[in-house]
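Everything below concerns the one structure shown next.
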Amino acid sequence: MPMDNLRRGAIYMVISALLFAGMGALVKLVSASLPNEMVVFFRSAMGLVVLLPWLWHGGLAGIRTTALTQHLARSAAGLGAMYCFFYALAHLSLAEATLLNYSTPLFVPFIAAWWLGERVPAGLRPVLLMGMLGVVLILKPGLALFTPAALVGLASGVLAAFAMTGIRRLSKTEPVTRIVFYFTVFSTLVSAVPLIWRWQTPEPELWGALIAIGILATLAQLFLTRAYRSAPAAQVGPFTYLTVVFAASVGWMFWDEVPDGLSLLGALLVVAGGVFTIRRAGRYAPTTDVPAPKPAP
């Protein structure tokens with residue numbers, strides 16, 4: 001792989017991390033005034049708007065599929081992860097919610113073993129256990145600081161791992177654009193239902209933030225895809241954890257969020273476990289098959 005491609009891939013990944021952190025900060029901001037259901041809907045609906053030009057250009061031929069059931073299963077997991085992640089952003093510190101969501105690579109090997117029949121490499125197990133220990137330190141079970149919101153944040157990582165495994169299965173027969181299309185349509189339609197009883201007209205100053213959430217998330221996914229096309233996932237994938245660093249910085253600057261000692265140690269273990277998992281998986285799998293910590297959302 002030429003060094004220029006590696007450098008370009010790293011730059012794309014850093015930009016993606018910045019955009020994802022910005023999206024998380026905006027979600028936390030609007031969640032103080034709006035219910036979670038509305039934030040999820042606007043995130044999904046804006047993604048659908050971005051996809052409309054592609055749909056117009058490709059026509060019905062681009063969305064025909066024989067794997068509708070698999071698309072629905074992957075979409076349900078992805079939407080569930082989004083609901084849980086946005087809820088965690090509203091109730092936890094920005095860094096902790098982001099980190100719990102980015103625990104996805106720690107769960108993918110186990111889910112792939114159960115769902116796809118893949119074997120968890122023996123050398124990977126100690127690394128996964130180290131990452132799981134980090135999650136436990138963040139959750140702090142049995143301590144007064146433990147909150148149910150942390151479990152919801154962890155659920156976002158588990159559900160995202162299910163979604164990522166579903167993508168790996170679908171990618172064998174389905175193009176990426178079709179997978180994204182079905183997820184976006186499913187998320188928009190399903191997330192619109194709770195608005196019947198949860199709609200709340202946003203204040204004028206919040207409309208810009210709601211629109212920006214969808215735009216930032218879409219741009220972040222675009223740069224993430226470009227990064228993985230430029231260089232192997234094993235080499236650029238670890239850069240995704242810069243999102244946690246950026247989120248922690250934003251949380252400290254705007255919300256005075258400072259992690260305690262246990263959370264900081266747990267964060268280091270989760271990041272180390274995630275990085276090692278991505279690098280090891282990237283050595284033995286195609287780029288498209290490597291579980292990257294990003295989100296389903």
**Asked** Name the residues in the stretch 99-114 that are surrounded by fewer than 24 Cβ atoms within 10 Å (Cβ to Cβ) and either closer than 15 Å to Ile138 by Cα or in contact with an Asp or Glu (Cβ under 9 Å, 6 or more places away or on another chain) (or both), would you?
**Response** Pro109, Ala112
**Asked** Which one is farthest from Pro105 (Cα to Cα), of the residues in the stretch 153-174 that are among the aliphatic types (A, V, I, L, M) and open to solvent by less than 40 Å² (accessible area, probe 1.4 Å)?
**Response** Leu170
**Request:** Identify, by number, the condition in (1) open to solvent by less than 10 Å² (accessible area, probe 1.4 Å); (2) closer than 25 Å to Thr225 by Cα that Phe183 doesn't meet.
**Result:** (1)
**Request:** Name, by its number, the condition in (1) open to solvent by 40 Å² or more (accessible area, probe 1.4 Å); (2) more than 23 Å from the chain's Cα centre (by Cα) that does not hold for Pro202.
**Result:** (1)
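Under 24 Å from Leu29 (Cα atoms), out of contact with any His (no Cβ under 7 Å at 6 or more places or on another chain) and surrounded by 15 or more Cβ atoms within 10 Å (Cβ to Cβ) - does that describe any residue in the stretch 225-239?
Of all residues in the stretch 225-239, those under 24 Å from Leu29 (Cα atoms) come to none.
No.
Whether any residue in the stretch 183-200 is closer than 24 Å to Leu99 by Cβ, in contact (Cβ under 8 Å) with a residue 60 or more places away in the chain and not basic (Lys, Arg) is what I want to check. Outline the logic, then answer.
As a first pass, look at the stretch 183-200 and keep what is closer than 24 Å to Leu99 by Cβ: 183, 187.
This time we only want the ones that are in contact (Cβ under 8 Å) with a residue 60 or more places away in the chain, so: 183, 187.
Next, only the ones that are not basic (Lys, Arg) stay: 183, 187.
Checking the stretch 183-200: at least one residue is closer than 24 Å to Leu99 by Cβ, in contact (Cβ under 8 Å) with a residue 60 or more places away in the chain and not basic (Lys, Arg).
Taking helices (runs of 4 or more DSSP H) that fall entirely within the stretch 1-98, which contain at least 1 residues that are open to solvent by 30 Å² or more (accessible area, probe 1.4 Å), modelled with pLDDT of 90 or more and farther than 21 Å from Val193 by Cα? Spell out how you get there, then give the answer.
Working: elements: 3-31, 36-58, 68-91.
In the stretch 1-98, 3-31, 68-91 are the helices (runs of 4 or more DSSP H) which contain 1 or more residues that are open to solvent by 30 Å² or more (accessible area, probe 1.4 Å), modelled with pLDDT of 90 or more and farther than 21 Å from Val193 by Cα.
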**Request:** Could you please tell me which pairs satisfy a Cβ distance under 7 Å, a separation of 6+ or placement on different chains, a first residue in the stretch 130-141 that is within 18 Å of Ala97 (Cβ to Cβ), and a second residue that is modelled with pLDDT under 80 and assigned to a loop (DSSP other than H, G, I, E, B)?
**Result:** Leu139/Phe146; Lys140/Phe146
**Prompt:** Mind checking which pairs have a first residue in the stretch 201-212 that is closer than 14 Å to Gly22 by Cβ and a second that is modelled with pLDDT of 90 or more and open to solvent by 70 Å² or more (accessible area, probe 1.4 Å), Cβ under 7 Å, 6 or more apart or different chains?
**Reply:** Ala209/Leu29
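Rundown of residues vs (1) at pLDDT 80 or above; (2) assigned to a helix (DSSP H, G or I); (3) not acidic (Asp, Glu), yes/no style:
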position	(1), (2), (3)
Thr184	yes, yes, yes
Ser191	yes, yes, yes
Ile196	yes, yes, yes
Leu210	yes, yes, yes
Gly251	yes, yes, yes
Pro259	no, no, yes
Gly273	no, yes, yes
Ile278	no, yes, yes
**Prompt:** Under the condition of being open to solvent by 80 Å² or more (accessible area, probe 1.4 Å) and charged (D, E, K, R), which residue from the stretch 115-150 is modelled with the lowest pLDDT?
**Reply:** Arg125
**Message:** Pairs needed: first member in the stretch 76-102, farther than 20 Å from Asp256 by Cα and in contact (Cβ under 8 Å) with a residue 12 or more places away in the chain; second member anywhere, open to solvent by less than 10 Å² (accessible area, probe 1.4 Å) and of a type in the set (Asp, Glu); C-beta distance under 7 Å; at least 6 residues apart or different chains.
**Reply:** none
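The values are calculated or read from the model by the stated rules, or taken from the named source; none is laboratory data. Remember, predicted model here, so these are calculated numbers, not experimental data. Using ideal geometry, Cβ is built from the backbone for each residue, glycine included, and neighbour counts are taken over all protein chains shown. Ligands, DNA and RNA are stripped out before the accessible areas are found, and what is left, the full protein with its side chains, is counted by its heavy atoms. Shrake-Rupley method; radii C 1.70, N 1.55, O 1.52, S 1.80 Å.
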